[in-house]
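Read through the structure below, which is laid out as C-alpha cells, and then see the notes.
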Amino acid sequence: DIPEIPESISFCRALQVADFSGNPLTRLPESFPELQNLTCLSVNDISLQALPENIGNLYNLASLELRENLLTYLPESLAQLQRLEELDLGNNELYHLPETVGALFNLKDLWLDGNQLSEIPQEVGNLKNLLCLDVSENKLECLPEEISGLTSLTDLLVSQNLLQVLPDGIGKLRRLSILKADQNKLIQLTDSIGDCESLTELVLTENQLQSLPKSIGKLKKLNNLNADRNKLTSLPKEIGGCCSLNVFSVRDNRLSRIPSEISQAAELHVLDVAGNRLTYLPLSLTTLKLKALWLSDNQSQPLLTFQTDTDPETGEKILTCVLLPQMPSEPGCQDNLPRCGALESLVNEMSDETWNERAVNRVSAIRFLEDEKDEEDNEMRTLLRRATPHPGELKNMKKTVENLRNDMNAAKGLDSNKNEVNNAIDRVTTSV
C-alpha cells in the first residue's frame, strides 16, 4: 500500500535491486535514475503512466520489468540501457515501439504482449542476442523481413494478431525452437518454414490455412504440430518426414484423407483428426505405436477397434471403424440433447414412449461394405445400422427428464398454493 516513493531514495547509492510491484504508485520520482548501481528494477502492476525521461541514466540495469501498467510511450533515453538483457513491457497501452529499441544489443528477452502495436520497427532485427520475442495479443498485420536478423532467437510468440503471412526471412532463424502463430488470419505458411531446422513446437491453431507446405517434412526435430480449426483440405505426403513428431493435431478442418506416408513419422503417439470429413484411414497407421487416435469429440476411448476394408474406388486396403465415414455435425441435432433451452421442451412435450421411439428411429450414416463374393442379388451390398444409445447414457437422460418434470410439477403446485394463500389474504383484508 505504498502510495509514493520519496525523492530521497536517490541517496541509496549502493542499491542494486528494487521491486515496487503491486503498490498503488503512479510514478517514479525524478531522482530515481540517480541509482546508477541498480541492476534489477521491477515495477509491475502499479498503474505507472510514464517513465522518467532520463531513465537511460540507469546504465547498469540488466532487468527492467514494467508489466501491467498504463504506459503509452517509451522515452528515447531507453536506448542508453546498453547492458539491458530483459525488458518486459507486457500488458500496457503501447501503440508505438520506438526504432531505438534496436540499440539494445545485449537484450535476450523482450515481452511486448498485450499492447496495441500495429507494427514492429525493422530495427528489431539488430537484436542479435535476442532469445525470446513475445508480441502476442497485439494488432500486428505483418512482421518485418528484418526479423531474419534475430539469429539467436529460440522462442517467437505472435499469437492473437492479424497476420496473414509470416515473412520468408523466418527461415533464417536456424535456432528457433518454438513458434506460436495461433489465432491470426494466416492464409498460407511460407515454404521457408522448412529451414527452421531446430523447430520442436509449431502452433497454427485458428487460422485460415488451406494447406501446409511440402517443406514442413524437413523439420526433423518437430515434436508437436497443432493446426486445429483451419481450412485444411489436404496434408502433404512429406509430413512423414517429421521423424520426431510425437503429437499431431488437425482437429476441425476439411480433410477427406490422411496420406499413408504419415506412418513414416515413427515417433507419432497422438493423432487427432476429429471434426474432419474422413471416409477412412490409411492401413499404414497400424505400423505406428499410437497411444491415442481421436476421431470424434465425444469419443469415450483414446483408441478404437478398427477393421480392414477395401476402398471401392481405388481398390486399396484401408482402415475403418464405427466412426467412419466422418459426418459434419448438424446444428439441428443439438435440439434433442437435454441441456440449455431444450430442457423445458423435453419435459413438457416428450413422453417416455416418444423418447424411446426417437432413440430407436435415429439412423446413423455408417455403412459396412460386405465381401464382393456376395453378389447373388442386385440389392445394395450394405448393412444399415441403427444408432444404439448406450444403456447407461439413455437411462441417465431419462432420469434427468423425469427429475425435471417432477421439479416443474412441484413448482407449479407451489405456485398454485401461493395463489390460494394470496387470495385468502385478500379476502381477509377486504372483510376487515
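The values are calculated or read from the model by the stated rules, or taken from the named source; none is laboratory data. None of the values given here were measured: they were computed from a predicted structure. So basically every Cβ, Gly included, is an ideal-geometry build from the backbone, and we count neighbours across all protein chains shown. Just the protein is used for accessible areas: all its heavy atoms, side chains included, with ligands, DNA and RNA removed. Shrake-Rupley method; radii C 1.70, N 1.55, O 1.52, S 1.80 Å.
Could you grab me the full set of residues in the range 184-214 that are over 20 Å from Lys231 (Cβ atoms), in contact (Cβ under 8 Å) with a residue 24 or more places away in the chain and more than 14 Å from the chain's Cα centre (by Cα)?
Selection gives Ser192, Gly194, Asp195, Cys196, Glu197, Ser198, Thr200.
Examine the range 15-35 for a residue that is among the polar types (S, T, N, Q), more than 39 Å from the chain's Cα centre (by Cα) and either under 19 Å from Arg67 (Cα atoms) or part of a helix (DSSP H, G or I) (or both), and state whether such a residue exists.
No, the range 15-35 contains no residue that is among the polar types (S, T, N, Q), more than 39 Å from the chain's Cα centre (by Cα) and either under 19 Å from Arg67 (Cα atoms) or part of a helix (DSSP H, G or I) (or both).
Is it the case, given these coordinates, that Asn298 is modelled with pLDDT under 90 and within 25 Å of the chain's Cα centre (by Cα)?
yes
Does Leu74 meet the test of being surrounded by 17 or more Cβ atoms within 10 Å (Cβ to Cβ) and in a loop (DSSP other than H, G, I, E, B)?
So Leu74 fits the description; yes.
Among the residues of the range 36-48, is any on the phi < 0 side of the Ramachandran plot and of a type in the set (Asp, Glu)?
no
Among the residues of the range 195-227 satisfying the criterion of being assigned to a loop (DSSP other than H, G, I, E, B) and in contact with an Asp or Glu (Cβ under 6 Å, 6 or more places away or on another chain), which is farthest from Leu157 (Cα to Cα)?
Among them, the one singled out is Pro213.
Need the failing condition index for Leu41 against (1) in a loop (DSSP other than H, G, I, E, B); (2) at pLDDT 95 or above; (3) farther than 20 Å from Leu157 by Cβ; (4) open to solvent by less than 10 Å² (accessible area, probe 1.4 Å), just the number.
(1)
Does the range 14-43 hold any residues that are of a type outside the set (A, V, I, L, M) and touching a helix residue (DSSP H, G or I) at 6+ places or on another chain (Cβ under 8 Å), and which are they?
Answer for the range 14-43, where residues must be of a type outside the set (A, V, I, L, M) and touching a helix residue (DSSP H, G or I) at 6+ places or on another chain (Cβ under 8 Å): Pro29, Glu30, Ser31, Phe32, Pro33, Glu34, Gln36.
May I ask you to say which residue of Ser234, Ser284, Ser263 is among the polar types (S, T, N, Q), within 27 Å of Asp309 (Cβ to Cβ) and in a loop (DSSP other than H, G, I, E, B)?
Ser234
Residues to consider are Leu199, Leu225, Leu209, Leu156; find the one that is in contact with a strand residue (DSSP E or B) (Cβ under 7 Å, 6 or more places away or on another chain), open to solvent by less than 50 Å² (accessible area, probe 1.4 Å) and more than 25 Å from Gly90 (Cβ to Cβ).
Leu225
Please enumerate the residues belonging to the range 215-239 that are free of Cβ contacts under 8 Å to residues at least 24 places away in the same chain and either at positive phi or among the charged types (D, E, K, R) (or both).
Of everything in the range 215-239, just one residue is free of Cβ contacts under 8 Å to residues at least 24 places away in the same chain and either at positive phi or among the charged types (D, E, K, R) (or both), namely Lys231.
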